[in-house]
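Below is one structure, written out as structure tokens; the observations come after it.
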């Protein structure tokens with residue numbers, strides 16, 4: 001259940017970032033935002049909310065989120081501007097790494113056993 005809450009919460013936050021991206025190009029003066037960032041935020045926001053409907057989807061969403069954002073973080077430390085599409089600053093890289101690490105935790109480390117249903121027989 002925690003992985004589904006994570007998917008829903010991260011989906012909501014990504015959609016909030018997507019909306020804020022229309023009003024500013026630097027969130028809190030630290031994080032770069034542009035059209036490419038907005039598309040990424042929209043995609044992960046919608047997918048997060050959809051994935052929150054089932055455990056399996058939420059785990060897969062968390063795994064993909066973790067892998068993609070760790071790749072973005074590592075890439076950002078070596079490349080400051082990716083083909084003019086994404087601009088990476090230190091604060092962006094740190095945030096991407098944190099998001100990726102949390103996604104990997106929920107996707108791979110936190111494995112919850114299914115809760116018993118009221119129809120299951122005790123053993």
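Taking the condition surrounded by fewer than 18 Cβ atoms within 10 Å (Cβ to Cβ) and either out of contact with any strand residue (DSSP E or B) (no Cβ under 7 Å at 6 or more places or on another chain) or not in a helix (DSSP H, G or I) (or both), does residue 23 pass?
Yes.
Could you pull out the residue among 77, 97 that is farther than 15 Å from residue 8 by Cβ, in contact with a helix residue (DSSP H, G or I) (Cβ under 8 Å, 6 or more places away or on another chain) and modelled with pLDDT of 95 or more?
97
Given the structure, is residue 12 farther than 17 Å from residue 101 by Cβ and in a helix (DSSP H, G or I)?
Answer is yes for this residue.
Please pick out the residue among 17, 42 that is surrounded by fewer than 18 Cβ atoms within 10 Å (Cβ to Cβ) and in a helix (DSSP H, G or I).
None of the others qualify; the one that does is 42.
Which residue out of 67, 99, 71 is closer than 23 Å to residue 46 by Cα and loosely packed, with under 13 Cβ neighbours inside 10 Å?
On inspection, the qualifying residue turns out to be 71.
With the requirement that a residue be touching a helix residue (DSSP H, G or I) at 6+ places or on another chain (Cβ under 7 Å) and either more than 21 Å from residue 8 (Cβ to Cβ) or touching a residue at least 60 places away in the same chain (Cβ under 8 Å) (or both), what does segment 29-53 give you?
If the condition is that a residue be touching a helix residue (DSSP H, G or I) at 6+ places or on another chain (Cβ under 7 Å) and either more than 21 Å from residue 8 (Cβ to Cβ) or touching a residue at least 60 places away in the same chain (Cβ under 8 Å) (or both), then 30, 31, 32 are the ones that fit.
Quick check, is residue 77 more than 11 Å from the chain's Cα centre (by Cα), in contact (Cβ under 8 Å) with a residue 12 or more places away in the chain and exposed (fewer than 15 other Cβ atoms within 10 Å of the Cβ)?
yes
Evaluate the following for residue 47: is it in contact with a strand residue (DSSP E or B) (Cβ under 8 Å, 6 or more places away or on another chain) and surrounded by 17 or more Cβ atoms within 10 Å (Cβ to Cβ)?
no
Please state which of the following conditions residue 87 fails to meet, knowing it meets all the rest: (1) in contact with a strand residue (DSSP E or B) (Cβ under 8 Å, 6 or more places away or on another chain); (2) surrounded by fewer than 17 Cβ atoms within 10 Å (Cβ to Cβ); (3) touching a residue at least 40 places away in the same chain (Cβ under 8 Å).
(2)
Determine the pairs where a residue that is at negative phi and at pLDDT below 60, located within segment 102-123, has a partner that is exposed (fewer than 10 other Cβ atoms within 10 Å of the Cβ) and not in a loop (DSSP other than H, G, I, E, B) with Cβ atoms under 7 Å apart, the partner being 6 or more residues away or on another chain.
Filtered contacts from segment 102-123: no entries.
The values are calculated or read from the model by the stated rules, or taken from the named source; none is laboratory data. Since we're looking at a predicted model, the values are computed, not measured. Positions of Cβ are generated from backbone atoms using ideal geometry, with glycine treated the same way; all protein chains shown enter the neighbour counts.
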